[in-house]
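Asks: Take a look at this one; I'll ask things after.
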Amino acid sequence: MSTTSTGDVGPRPRAGASLRTVRIALARGAAEARLQSDGDWSLQTGDGTQLAEPPRAGESWTVEPQGGRLALRREDGAVARPEVASIVARASDADGLLAIGGRWWRGELRIGVDDGGRLLVVNHVPMDDYLKGVVPLEIGTRAMTDFAAAEAQAVAARSYAYMHLLGPGRPYDMLATVADQVYGGVGAETPLGNQSVENTSGLVLMYDGRVVNAPYHGNCGGFTAEPGDAWRSGPEPYLKRVSDQIPGSDHFYCEAGPRFRWTRRYTAEELRQSIARHLRTLPQGPESIERVRAVVVTDVTPAGRVAALTVDTDRGRWTLRGNDIRAALRTTSGEMLYSTYFSVETVEAHGVVQSLELRGGGNGHGIGMCQSGAIGRARAGQDFRTILTTYYPGTTIGTID
């Protein structure tokens, strides 16, 4: 899921607003798109003009950008008509499926060309059908013991989606990636995930009568965070630091989840590469550094997360905050640091950090619902309403059509 600000994107929908279809960008910049369906289907222009005889089930058509417009040809080489500005692929049956690149989707597919002359494929799909392709990818394939956690995930994901509708001037509402919510279409669906969406259909999180953004993350490590701990954004009354400790116990609801506790080690060269790569992205950052002299935690949040990390190099000193800390300590393969909840141990010699060891807990930005904690709470008998109002204090669960 996205790790950006909790600020609004476009108009903020009120509970009761009729917002039933979401627009998800599936492909941007592809050289071509191969379309087919599992039943009868149609290919039309954006204004509804039929482009070809209704294709048969399994028949493939390929769309490719040409000079700012779209060319459409059948698998046998037949061309539908002169290039058009946009194409809509729609299954004839309401339950019919469409495929692009071998992956199946509900709803309809709209293909256009972006400002750079590249292909843009957007899935227009009913909200709950979208969520069925999100829930299993965001919280994993769950057993029935975890059902309340899947329901909580469905409500949080629906709330997030509603907050990202109606973006002004955009041809889509969200991406199908971690930049928003991971969406895999029909291939990602599971029976339990579908049931969790259907059981909570129309339910969203609200604060003061309005739908709220509902960020979530993999594992809080024992305590959730506030927006300012990770993002350059102000506080939200429903996003507070929450303890995940089991009452009357030394254990935590998220304890059994992945990366509740972890260790990451860097050699001098690995650390230099990671820091150098990040500093190059900063406005006043150097193109390269030769050595890292020190890595020091200079501020922590009330919940114990690293709020500021100062890095001293041969090219100067930088203090990193929030998610910049996680980005600066990527592995050589590019994987971000799991969280900002960690301690630092360095070995230094001759004015250079020879090795760095981080011992930490949690995975993700730490704000909002802890998915591992939600699973632990479900197994302890909590229902999805209790789970959600714990991680988003002060919220209520309402209905939006």
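No value in this document is a laboratory result; all are computed from the given coordinates. Bear in mind that the values here come from a model prediction, so they are computed numbers and not experimental data. Counting neighbours? That spans all protein chains shown, and the Cβs are built from the backbone with ideal geometry, glycine included.
Asks: Once Lys and Arg get +1 and Asp and Glu get -1 on their Cβ, which of Q354, P286, A268 lies farthest toward the positive end of the dipole of region 262-360?
Replies: P286
Asks: Could you give each residue of region 285-301 its phi-based ³J(HN,Hα) in whole Hz, using Karplus coefficients 6.51, -1.76, 1.60 with θ = phi - 60°, and x for Gly or Pro?
Replies: Values per residue, Gly and Pro as x: x, x, 5, 7, 9, 9, 7, 9, 8, 7, 10, 9, 6, 10, 6, 10, 7 Hz.
Asks: Let me check against my output: what whole-number percent is the relative contact order of region 29-71, with C-alpha pairs under 8 Å and at least 6 apart?
Replies: Numbers: 58 pairs, mean separation 18.5, N = 43.
Reported relative contact order: 43 percent.
Asks: Please state the relative contact order of the chain as a whole percent: Cα pairs under 8 Å, 6+ residues apart? If you can, show how the numbers build up before the last one.
Replies: Numbers: 972 pairs, mean separation 74.2, N = 401.
Over the chain, the number comes to 19 percent.
Asks: Continuing with the same structure: Can you list which of the trypsin sites (Lys or Arg not before Pro) found in region 36-93 are DSSP loop residues with at most 14 other C-beta atoms within 10 Å? Intermediate values should be presented prior to the final figure.
Replies: Working: sites: R56, R69, R73, R74, R90; in loops: R56.
In loop regions of region 36-93 (DSSP not H, G, I, E or B), the sparsely surrounded trypsin sites (Lys or Arg not before Pro) are R56.
Asks: Could I ask something else about it? In degrees between 0 and 90, to the nearest 10, how far off the longest principal axis of the chain does helix 147-163 point, with axes built from Cα atoms?
Replies: 70
Asks: Still on this structure, I have one more. May I ask for the distance between the Cα centers of region 136-210 and region 287-354, given as a whole number of Å?
Replies: So the two Cα centres are separated by 34 Å.
Asks: Now for a separate question. Could you go through region 377-393 in sequence order and give the Karplus-derived ³J(HN,Hα) for each residue, using 6.51 cos²θ - 1.76 cosθ + 1.60 with θ = phi - 60°, rounded to whole Hz, and x for Gly and Pro?
Replies: 5, 4, 5, 7, x, 6, 8, 5, 5, 5, 4, 5, 6, 6, 7, 10, x
Asks: Follow-up. Using only DSSP helix segments of four residues or longer, with each worth -39500 (n - 2.57), what per-residue ellipticity at 222 nm results for the chain after dividing by its residue count and rounding to 500?
Replies: Rounded to the nearest 500, it is -5000 deg cm²/dmol.
Asks: Here's a follow-up. Mind jotting down a quarter of the surface of the convex hull over the alpha carbons of the chain, in square nanometres, one decimal? Don't jump to the answer; show the numbers that get you there.
Replies: On the way: hull surface 87.9 nm².
The Cα convex hull of the chain, projected and averaged over all directions, gives 22.0 nm².
Asks: Pairs of alpha-carbon atoms within less than 8 angstrom and 6+ residues apart define the contacts here; what relative contact order does region 125-274 have, in percent?
Replies: 23
Asks: Classify region 262-360 from the C-alpha gyration tensor, please: rounded if a/c falls under 1.5, else prolate or oblate depending on whether a/b exceeds b/c.
Replies: Because its axes are fairly even, with a/c under 1.5, region 262-360 counts as rounded.
Asks: In which sequence would R118, R272 go, from the one with the fewest C-beta neighbours within 10 Å to the one with the most?
Replies: Values: R118 14, R272 20.
Exposure proxy ranking, most exposed first: R118, R272.
Asks: Using the alpha-carbon atoms, what tilt in degrees (0 to 90, nearest 10) does helix 268-279 show relative to the longest principal axis of the chain?
Replies: With rounding to tens, the tilt is 60 degrees.
Asks: Can I ask one more? Using a 10 Å cut-off around each Cβ, can you sort E348, E236 from fewest to most neighbouring Cβ atoms? Walk me through the numbers before you get to the answer.
Replies: Working: E348 15, E236 20.
By the 10 Å Cβ count, ascending, the order reads E348, E236.
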